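Okay, structure first, notes after.
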Amino acid sequence: MIAEIGHFATLLALAFALMQGSLPIWGAYKGDTRLMESARAFAIGQFLFVSFAFACLVAVYVRSDFSVLNVWQNSHSAKPLIFKITGSWGNHEGSMLLWVVILAFFGALVALFGNNLPARLRANALGVQGWISIAFLFFILATSNPFARLSPVPFDGQDLNPILQDISLAIHPPLLYAGYVGFSMAFSFAIAALIEGKIDAAWARWVRPWTLIAWMFLTAGISMGSWWAYYELGWGGWWFWDPVENASFMPWLAGTALLHSALVMERRAALKVWTILLAILTFSLSLLGTFLVRSGVLTSVHAFAVDAERGVFILAIMAVFIGGALALFAWRAPLLRQGGLFAPVSREGALVLNNLFLATAAGTVLIGTLYPLVLEALTGEKISVGAPFFNKTFGPTMIPLLMLVPFGPMMAWKRGDLLGTSQRLMVVAALALVTAGAVYWSFNGGPVLAALGVGLAVWLIGGAIFEILWRVKFMRAPVAESWRRAGGLPRSSWGTMTAHAGIGVVLLGIVSATAWRTEVITTMNPGETLTVAGNDITFEGVSPRQGPNYSEDVGQFTVRRDGLVVARLEPAKRFYSVRRQPTTEAGIKSFIGGDLYVVLGDPTGDGSYVVRIYDNPLVTLIWIGTYIMVLGGAVSLSDRRFRIGVPRRRRVVANPAPAE
Amino acid sequence: MRNLLLAIFLLLGTGVAGAVLPDEVLSDPALETRAREISAGVRCLVCQNQSIDDSEATLARDLRILVRERLVAGDSDNQVVQFLVDRYGEFVLLEPRFYTRTWILWSAPLVMFAAGALILGWRSRRITASVPAGLTEDEQKALDDILHEG
């Protein structure tokens, strides 16, 4: 019964979406305020019904109702409750429903908190959101119904793919989707602006926080996926340039560019046309990501849906939305008035350069990801485009961009002073070079590129901190004045500093984990001790253990430093009996200097085991750095609310959570 | 074909856990380093986007051993790679070689960047031409008005 209610709620949500996609836009066209206002009710109604439908899906999962096909395929009565819940979106149908829930949630936020938006813009934007909902709800109902029944009812389920039975992979899709779908806001606003043929700074002020929120979610989602790959896949890699990773990385690159170009548009009313185009492209890449993952066109570890009908359907959705949006852009963009002139050397100029590099990077990843598919479709020839290609092309695109980052925030708007900025940054450059030299020297002429990489990381972090010090006139004014100035700095400056420093931290992690990694592959007998990177690792033995829906062989390792026990690691080989699938659980201990990573391999037959031990120096900084970037976004976001609230302070007090 | 590959892939398990096994490692560290470098660029044909260095599929192990055999026999790195391509086609290389079918791929990043830079250069010349060094007449007038008011 619950499944039928859920199915019906999905249908009702589609009905609401149909209304939301038509009436408000008609109202905006005719100037009918009541029709325009109806968008808000439809958006909220759609959200309520689609989330109710999703709640029904979670309920059938929790109850292990195996008469529902989806539950039978992806759950098992012995599965821990948490994975019963998360399993509801760990499959194609459920994850598409979650996609629409998040989409409707964003729409409802605009409906609830978009009071300060011009009525026509709000109606059009919500209408466009309605179209996206219609497409995806129709897709769910036509090809991917999560509520389909099964008869006769099986005794138990087939369990969820074991590598998905993991808490961070359970949180990963919602975060990623919040990012993907969050960019739909920028898209809807862009289309709304094109429909109206007018765009102003208020538009940018509205789009920027949404883009920032989406970007934060996407950053966190990608980071979590990478962390999962690091500890779950069992060889300590953290980024593989897998097409599915690329699918989420492309919108991230484009979204990062959009964040910066919207800044120019908000402050200086320049780059309007480009920002609109970028908003369309970013969401298009999100749709492409959904298509690549969901259609099974890639058939990789992540693509758990292989079905041509669905692929064609999503391809059609993509073609309509991307093609339609670009056609509308070509037709209407000339109407948008350009404004805000600036010299090439200026803050705007720096942000344009940022966009050039990020767009090239996104384009490179796009071509590398699609090239083998297209080539095979056109010529039948199969080639692979893997990690080495991306490392060789993406790296050289990013390095100059990262070198330029500290200059950007130091430049004045409209007309900057390159020479002056360079002179000011001399201190940081000297610090970076000295660090690089020291690293080179202390590793006895260790890899030159790695030393330079560390230098670049110091340049980024130092540059970010220096910008703040320079703004508060540190050392150039009395301490009290600097302190006062620091208090007066807008939050967005702190946010910029934090996010830019975060990139430096990520880079430091990448460089050290790549260049100074230690790997030992060997066989060990129980009782044997091995020394890796200053850790004395004793293999105590292997014992069997029984989990709720798996059995495992657990290796016991004791780690000592100078005779003192600093860690006990229990890497395991698991076997999930329902799916008959093995997984590897690495034993990881994070020290301040880096991770000790132990993987238990197969027994060799004479009582010893294959053991892999890795020392990954500073690898954790990769994920810490991304969260520092997310934090920077959050700090910047808190500024937006305050600033927009200023002219309407009374309203803000009455309504303490505007959707900024 | 793709479904077949997928079926094989599922049969072999998901290919988790790092791959090189102790008995494969060559005694000569220089040769072993070369073997690892080559392996990192060779695709495990039954896996998805994994190099033979990362995969624990049986076929990956066979290829790893093959690479090492060729190296021990005295092949250069290029000869080993060519040997694999002759047997398995270009598909086996994770880094596609530069030839007629791939020159678009390899030149794309540079072309995109150059095109973007050219457009920007052209636009900025136009913009610079229209940004006067000082104030415009209107701005000067507005400023004068304000100053005179005071």
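The values are calculated or read from the model by the stated rules, or taken from the named source; none is laboratory data. What you see is a predicted model; the values in this text were computed from it and never measured. Positions of Cβ are backbone-derived with ideal geometry, glycine not excepted, and every protein chain shown enters the neighbour counts. Side chains are part of the model used for accessible areas, which takes the heavy atoms of the whole protein and leaves out ligands, DNA and RNA. Shrake-Rupley method; radii C 1.70, N 1.55, O 1.52, S 1.80 Å.
Just report the Cα centroid separation between segment B:47-91 and segment A:357-429, whole Å.
The two parts, judged by their Cα centres, are 31 Å apart.
For the ranges A:208-220, A:450-462, A:578-590, what's the packing order if you count other beta-carbon atoms within 10 Å of each residue, average per peptide, and put the highest first?
Ranked from most to least packed, the peptides come out as A:208-220, A:450-462, A:578-590.
Just counting partner chain Cβ atoms within 10 Å, what average do the residues of peptide B:36-49 show around their Cβ?
3
With a Förster radius of 22 Å, plug the Cβ-Cβ distance of residue A:543 and residue A:564 into 1/(1 + (r/R0)^6) and report the FRET value to the nearest 0.05.
That gives a FRET efficiency of 0.35.
In sequence order, what are the phi-derived ³J(HN,Hα) couplings for segment A:219-234 according to the Karplus relation 6.51 cos²θ - 1.76 cosθ + 1.60 with θ = phi - 60°, rounded to whole Hz, with x for glycine and proline?
Once θ is set to phi - 60°, the couplings for segment A:219-234 become 4, 5, x, 4, 4, 5, x, 5, 5, 4, 4, 4, 8, 8, 6, x Hz.
Modelling each spin label as a point 7 Å along the Cα-to-Cβ direction, I'd like the residue B:32/residue A:575 distance in nm, to one decimal.
Label-label distance for residue B:32 and residue A:575, simple model: 3.1 nm.
Before we go on, tell me the buried accessible area for the A/B pair, both chains summed, 1.4 Å probe, in Å² to the nearest 100.
For chain A against chain B, roughly 4200 Å² becomes buried.
For the protein assembly as shown, what does the accessible surface come to per residue with a 1.4 Å probe? Please give it in Å².
42
I'd like the Karplus ³J(HN,Hα) series for segment A:104-116: coefficients 6.51, -1.76, 1.60, θ = phi - 60°, whole numbers in Hz, and an x wherever there's a Gly or Pro.
5, 4, 4, x, 5, 4, 4, 4, 7, 10, x, 5, 8
Once you place label points 7 Å from the Cα toward the Cβ at residue A:481 and residue B:83, how far apart are they in nm?
Between residue A:481 and residue B:83, the simple spin-label model gives 7.3 nm.
Kindly count the pairs of lysines across the protein assembly as shown whose alpha carbons are less than 20 Å apart, treating pairs on different chains or eight or more residues apart as eligible.
Within the protein assembly as shown, the lysine pair count is 5.
What ranking, highest mean first, results for peptides A:145-158, A:474-487 when packing means the other Cβ atoms within 10 Å averaged over each residue?
Ranked by mean Cβ neighbours within 10 Å, highest first: A:145-158, A:474-487.
Nearest 500 deg cm²/dmol is fine: what mean residue ellipticity at 222 nm does chain A get from its DSSP H runs of n ≥ 4 alone, each adding -39,500 (n - 2.57), divided by its residue count?
That comes out to -22000 deg cm²/dmol.
Please work out the C-alpha center-to-center distance from segment A:63-102 to segment A:240-268 and express it in whole Å.
Computed from Cα coordinates, the inter-centre distance equals 31 Å.
What is the calculated FRET efficiency for residue A:22 to residue A:105, with r their C-beta to C-beta distance and R₀ = 35 Å, to the nearest 0.05?
0.95
Could you list the residues of segment A:406-437 with an amide nitrogen less than 17 Å from a label point located 7 Å from the Cα of residue B:147 in the Cα-to-C-beta direction?
none
With the contact rule set at Cα under 8 Å and sequence spacing of 6 or more, what percent relative contact order holds for chain A?
So the answer I get is 11 percent.
So who's got an amide H within less than 5 Å of the one on residue A:65, skipping anything under 5 residues away but keeping other chains? H placed 1.01 Å off N, in plane.
none
Using the Karplus curve 6.51 cos²θ - 1.76 cosθ + 1.60 with θ = phi - 60°, work out ³J(HN,Hα) for each residue of segment A:404-418 in order, rounded to whole Hz, and write x for Gly and Pro.
8, 3, x, 5, x, x, 7, 7, 7, 5, 6, 8, x, 10, 5
Near the amide H of residue A:532, under 5 Å away, which other amide H atoms are found, from residues 5 or more places off or on another chain, if H is placed in the peptide plane?
Result for residue A:532 returns A:537.
Counting only other chains, and only Cβ atoms inside 10 Å, what mean value do you get across the residues of B:88-98?
Mean partner-chain Cβ count within 10 Å for B:88-98: 5.
Given R₀ = 25 Å, what would the calculated FRET efficiency be for residue A:376 paired with residue B:62, taking r from the Cβ atoms and rounding to 0.05?
0.50
Once amide H atoms are built 1.01 Å from N in the peptide plane, which residues 5 or more positions from residue A:611, or in another chain, come under 5 Å H to H?
Counting only residues 5 or more places away or on other chains, the set is A:522, A:523, A:524, A:601.
Of the peptides A:259-267, B:60-68, B:25-33, how do they stack up when ordered by the mean number of other Cβ atoms within 10 Å, highest first?
Peptide ranking by packing, descending: A:259-267, B:60-68, B:25-33.
Choose one of A:623, A:161, B:73: the residue whose Cα lies farthest towards the positive end of the charge dipole of the protein assembly as shown (beta-carbon charges +1 Lys, Arg; -1 Asp, Glu; about the Cα centre).
A:623
On a full-extension model of 0.36 nm per residue, what is the gain between residue A:269 and residue A:142, subtracting their alpha-carbon distance, rounded to one decimal in nm?
Working it through step by step, the gained length comes to 41.4 nm.
Shielding by partners for B:103-109, please: the mean number of other protein chain Cβ atoms within 10 Å of each residue's Cβ.
6
All other residues with a Cβ under 15 Å from the Cβ of residue A:136 taken together, and with Lys, Arg as +1 and Asp, Glu as -1, what is their net charge?
Charge balance in the 15 Å sphere: +1.
Let me test this: with uniform point scatterers at the alpha carbons of chain A, what is the Debye-based log₁₀ I(q)/I(0) at q = 0.06, 0.10 1/Å?
The computed values of log10 I(q)/I(0) come out as -0.38, -1.04.
Considering every Cα-Cα pair within segment A:480-534, what fraction, in whole percent, is farther apart than 15 Å?
Result: 71 percent of Cα pairs exceed 15 Å.
Only four residue types carry charge here, +1 at the Cβ of Lys and Arg and -1 at the Cβ of Asp and Glu. Report the dipole size of the protein assembly as shown about the Cα centre in Debye, rounded to the nearest 20.
Dipole magnitude for the protein assembly as shown comes out near 3140 debye.
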